[in-house]
Amino acid sequence: LQNEEVASTRRNFANSMLNWPEGGCPALRPIGMIDGGVDTNAPALAAARVINRDFAAGSEDSLRHGTEVASVMADPSRLKNLELFSANVIGRDTSGQDAAGASAIILALDWLTQQNVSLINVSLAGPRNKLLNLAIDSASTKGATLVAAAGNQGRAAPPQFPAAFARVIAVTAVDAGKRAYRQAVRGPHIDIAAPGVDVFVGSPSDGR
């Protein structure tokens, strides 16, 4: 039992570090997510209402990533009765690798703002794109708040986007000891650090 308690503490360190209220909080508004697709049948999403829209045809890996990111937000120990608008923007590039094109992200932003989703999470990072910047400015003007991952390209990498755009909240990752993730992008554009190393996520079949 003691080992199980230790394992449970490690698995849930993010909630403890954030002093998240025990039992979770009611979701007072929908959340938008721009990522890979989401498996709505995943056990980790059983308590959430997920509305999917495809802007690209992703792979199994992108489906897993999208589902895992969704599970972090839809975990009832964090948010209860969440309505999640999921925009799948990850397709295949010319080399056959998973990638999210700026045009797909722009279409996703437009869709989310049309659904009156005012809080949008983006767990994608890449080079600067002027059209994407304009789309983010437009969404922000309409009242949307965008939160984006800083990126995993390493401390010597240049700023990654959309996180580095002025109207986006850039989030980097720390572990249970509040140490920065070793592959995290650094820089003055980073707005906040949050638990993001060895966080338990619910995958399409189970969790990891």
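The values are calculated or read from the model by the stated rules, or taken from the named source; none is laboratory data. No experiment lies behind these values; they were computed from the predicted model shown. Cβ coordinates were reconstructed from backbone atoms using ideal geometry, including for glycine residues, and neighbour counts include every protein chain displayed. Note: areas computed on protein heavy atoms with side chains; ligands, DNA, RNA excluded. Shrake-Rupley method; radii C 1.70, N 1.55, O 1.52, S 1.80 Å.
Once the piece of chain linking Arg49 and Ala194 is laid out straight, how much longer is it, given 0.36 nm per residue of separation minus the C-alpha distance between them?
Once the chain is fully extended between Arg49 and Ala194, it gains 49.7 nm.
For the chain, what's the relative contact order in percent, using C-alpha pairs closer than 8 Å and at least 6 residues apart?
22 percent.
Express as a percent, rounded to the nearest 5, the fraction of DSSP beta bridges in region 114-193 (both residues included) that run antiparallel.
15
As an exercise, find the ratio Rg/Rh for region 52-184 from alpha-carbon atoms, using the Kirkwood inverse-distance average for Rh.
0.95
Using 0.36 nm per residue of separation minus the Cα-Cα distance, give me the extension gain between Arg179 and Asp206 in nm, one decimal.
In short, 6.9 nm is gained.
Set the Förster distance to 25 Å, then compute FRET efficiency between Ala156 and Asp98 from the Cβ-Cβ distance, nearest 0.05.
With a Förster radius of 25 Å, E is 0.60.
Probe of 1.4 angstrom, ligands and nucleic acids ignored: what's the accessible area per residue over the chain, in square angstrom?
On a per-residue basis, 55 Å².
Extension gain Arg186-Ser59, at 0.36 nm per residue separation less the Cα-Cα distance, in nm?
42.8 nm
Hey, what angle do you get for helix 2-11 against the long axis of the chain, alpha-carbon based, 0 to 90 degrees rounded to 10?
Result, in degrees: 20.
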